[in-house]
Amino acid sequence: MAGLPDSVSIREVGPRDGLQNEEPVPTGAKVRLIDALSATGVGRIEAVSFVHPKAIPQMADADEVWQRAAKTPGLRYSALVPNSRGAQRALAAGFTEIEVVVSASDTHNRRNVNRSTAESLDDIAALISLVHDAGAQVEVIVATSFGCPYEGDIDPIRVAGIVDRVRADGADRIAFGDTTGMGTPRRVRELLGAVRERHGEAPLLLHFHNTRGTGLANILAALELGVTEFDASVGGLGGCPYAPGASGNVATEEVVHMLHDMGIETGIDLDAMIEAAALAEELVGRQLPSGVLRAGPRTRLV
C-alpha cells in the first residue's frame, strides 16, 4: 500500500509478557512455547524476565527455561530486567539484548518496581553502563506511555523527557508501552510527534494492548508514521499484573494476518503462528482472545 513500509519487524513477547500474567505453567511448557515460536519465522523473541520470584513467580525459572530452550541461529532473543541486579543475571545467562522498563507514570512505577520514575532512571543509567561494558545492548521500554490506570492521561512531553534522559545515558533503543490499552490513533500521533521532534532518528518500537479494541488501529496509525517495529503476543496472551484491567496484548497472528493482507512482509509463517497460538491456549488451559485462531481453516491469504 502506498505510503506504508514494505516490511515490519515483530518481536514476539508471549513467553514473557504473556505468561507472566497467567497462572504459573511448568518449565517444560514454557520451553515448548519458545521452541514453537522460534520455528514460525519471527525475527525476535522476548524469552524470559529476570525478576525476583516473589514479585513475578511465573518467571522464577527463567534461568532453566533459557538453558533448555533451543536457540535458532539468527533469531534475536532478549530478556526483560527490572534493575541492575536483573541485568547481571541476564548477562550471566548469555543474553546480549536486554530490556528494562520505566513507567512514565510515577504511581505505576512505584507499583511496578517500588521506586519513583526518577529513581528508576538513575538505576537505568548505571544499568546501561553495566550492559555496554559486557558488550550487550539495552532497550528502554517506557510503560504507561499512552495513559495510566492510576493517574489517567500522560502528557507526551513527559514521555519525551524520559527519552531525553535515557538517550543521553546511552540507551540503544526505545520502546513505548500501551500498558492499559488506553492508546488511540490520536495518542499515537501525538506521542510520536513529541518524541520525533527531539529524537528523529532514534530506533522506536511500539507495544500495544487491545484492552479497548484499538490495538490494530494503533498499529496502522504508527505504520502511517513510518514505524516498522512492534511487539505482539501469541494468541493475545498477556497484560500487566500491576495495571488493573490491562489484559490483552495484540495477538501476533492477528497482526500478521492484517499486515500480510496489506502487502507488508513480516517473515512469519501465519499458519505456524496459529499453531503456536493453539499450543499457547493448551498450555494456559483457557481460551485465548485471538480471532484468527478461531477463524477456521482459511488462514492463508490468496
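Coordinate-derived values only; no laboratory data. All figures in this text were calculated on a predicted structure; none of them were measured in a lab. Positions of Cβ are backbone-derived with ideal geometry, glycine not excepted, and every protein chain shown enters the neighbour counts.
Along the charge dipole of the stretch 33-121, pointing to its positive end and built from +1/-1 on Cβ of Lys, Arg, Asp and Glu, which listed residue (Phe50, Tyr77, Val102) has its Cα farthest out?
Value computed over the given set: Val102.
Rounded to the nearest 0.05, what FRET efficiency is calculated for Asp271 and Glu224 with R0 set to 25 Å and r the Cβ-Cβ distance?
For Asp271 and Glu224, the calculated efficiency is 0.35.
Over the stretch 110-175, what number does the Rg to Rh ratio reach, with both radii from the alpha-carbon atoms and Rh per Kirkwood?
Computed over Cα atoms, the ratio is 0.99.
Let's see if you can work this out: charge +1 on each Lys and Arg Cβ, -1 on each Asp and Glu Cβ, no other charges. What is the dipole magnitude of the stretch 1-83 about its Cα centre, in debye to the nearest 20?
Once rounded to the nearest 20, the dipole reads 160 debye.
For a paramagnetic label modelled at 7 Å from the Cα of Ile157 toward its Cβ, which residues of the stretch 168-211 fall within the zone defined by backbone nitrogen distances under 11 Å?
Of the residues in the stretch 168-211, none has backbone N under 11 Å from the label point off Ile157.
Under a point-charge model restricted to the Cβ atoms of Lys and Arg (+1) and Asp and Glu (-1), what is the dipole moment magnitude of the chain relative to its Cα centre, in debye to the nearest 20?
320
When 1/r is averaged over all different Cα pairs and the result inverted, which Kirkwood radius in Å belongs to the stretch 75-122? Mind showing how you got there, number by number?
Values: mean 1/r = 0.0877 Å⁻¹.
That comes to 11.4 Å for the stretch 75-122.
Can you compute the charge dipole magnitude of the stretch 90-148 about its Cα centre, using +1 on each Lys and Arg Cβ and -1 on each Asp and Glu Cβ, nothing else charged? Give it in debye, rounded to the nearest 20.
For the stretch 90-148, the charge dipole is close to 240 debye.
How much length is gained on full extension from Arg68 to Leu4, taking 0.36 nm per residue of separation minus their Cα-Cα distance?
Gain on extension, Arg68 to Leu4, equals 19.1 nm.
Using only the alpha-carbon atoms of the stretch 1-81, report the extent along each of the three principal axes, biggest first, to the nearest angstrom.
Result for the stretch 1-81: principal-axis Cα extents of 49, 24, 19 Å.
Residues in the stretch 139-164, backbone N under 20 Å from the label point at Glu190 (7 Å along the Cα-to-beta-carbon vector): list them, ranges by number please.
142-164
Work out the FRET efficiency for Ala118 and Thr96 from their Cβ-Cβ distance, taking R0 = 22 Å, and round it to the nearest 0.05.
Details: r = 29 Å, r/R0 = 1.30.
It comes out at approximately 0.15.
Just to verify a number: FRET efficiency for Arg294 and His260, C-beta to C-beta distance, R0 = 22 Å, to 0.05?
The pair Arg294/His260 has a calculated efficiency of 0.75.
Where does the chain land on Rg(C-alpha)/(2.2 N^0.38 Å)?
0.92
What value, in deg cm²/dmol to 500, does the helix sum -39500 (n - 2.57) over DSSP H runs of n ≥ 4 give at 222 nm once divided by the residues of the chain?
Theoretical 222 nm ellipticity from helices: -12000 deg cm²/dmol.
Quick check of the Kirkwood formula: for the stretch 120-234, what is the inverse mean of 1/r over all pairs of different Cα atoms, in Å?
Kirkwood radius, the stretch 120-234: 14.5 Å.
Simple spin-label model, 7 Å along Cα-to-Cβ: Glu282 to Glu201 in nm?
If labels sit at Glu282 and Glu201, their model points lie 4.8 nm apart.
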